[in-house]
């Protein structure tokens with residue numbers, strides 16, 4: 001994010017710097033997707049970029065729907081399951097809530 005990006009904060013009703021909101025969310029332990037939408041256990045997400053899977057020759061294509069995610073201790077990662085890959089951990093920066 002650039003320093004001049006602003007996001008509308010619905011709680012306060014103000015436009016605030018995106019960096020401030022991201023820092024507050026990280027401190028509070030809120031897990032957010034690439035668009036800034038909060039994620040919770042059981043949510044469905046969509047992959048926004050083709051991703052190579054480490055330790056496998058498979059690729060998760062852009063637009064793939066991942067169902068029933070589980071949050072981890074790290075707010076930048078979610079645990080999920082795909083039809084062909086078990087025990088998959090994805091970074092939230094490559095996900096968008098469906």
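The values are calculated or read from the model by the stated rules, or taken from the named source; none is laboratory data. Quick caveat, the model's predicted, so the values are computed rather than measured. Neighbour counts run over all protein chains shown; Cβ positions are idealised from the backbone, glycine included.
Points worth noting:
- For segment 40-54, filtered to residues that are in contact with a helix residue (DSSP H, G or I) (Cβ under 7 Å, 6 or more places away or on another chain) and assigned to a loop (DSSP other than H, G, I, E, B), the residue that is surrounded by the most Cβ atoms within 10 Å (Cβ to Cβ) is 48.
- Checking every residue in segment 55-65 against the condition of being closer than 14 Å to residue 93 by Cα, at pLDDT 85 or above and surrounded by 14 or more Cβ atoms within 10 Å (Cβ to Cβ) gives zero matches.
- Residues within segment 9-28 that are modelled with pLDDT of 85 or more and either in contact with a helix residue (DSSP H, G or I) (Cβ under 8 Å, 6 or more places away or on another chain) or in a strand (DSSP E or B) (or both), tallied: 4
- The lone criterion from (1) touching a helix residue (DSSP H, G or I) at 6+ places or on another chain (Cβ under 9 Å); (2) surrounded by fewer than 17 Cβ atoms within 10 Å (Cβ to Cβ); (3) not in a loop (DSSP other than H, G, I, E, B) left unmet by residue 36 is number (3).
- Top-ranked residue of segment 84-98 - restricted to ones that are part of a loop (DSSP other than H, G, I, E, B) and over 14 Å from residue 44 (Cβ atoms), ranked as nearest to the chain's Cα centre (by Cα): 87
- Among the residues examined, residue 76 qualifies as touching a helix residue (DSSP H, G or I) at 6+ places or on another chain (Cβ under 7 Å), loosely packed, with under 15 Cβ neighbours inside 10 Å and under 16 Å from residue 93 (Cα atoms).
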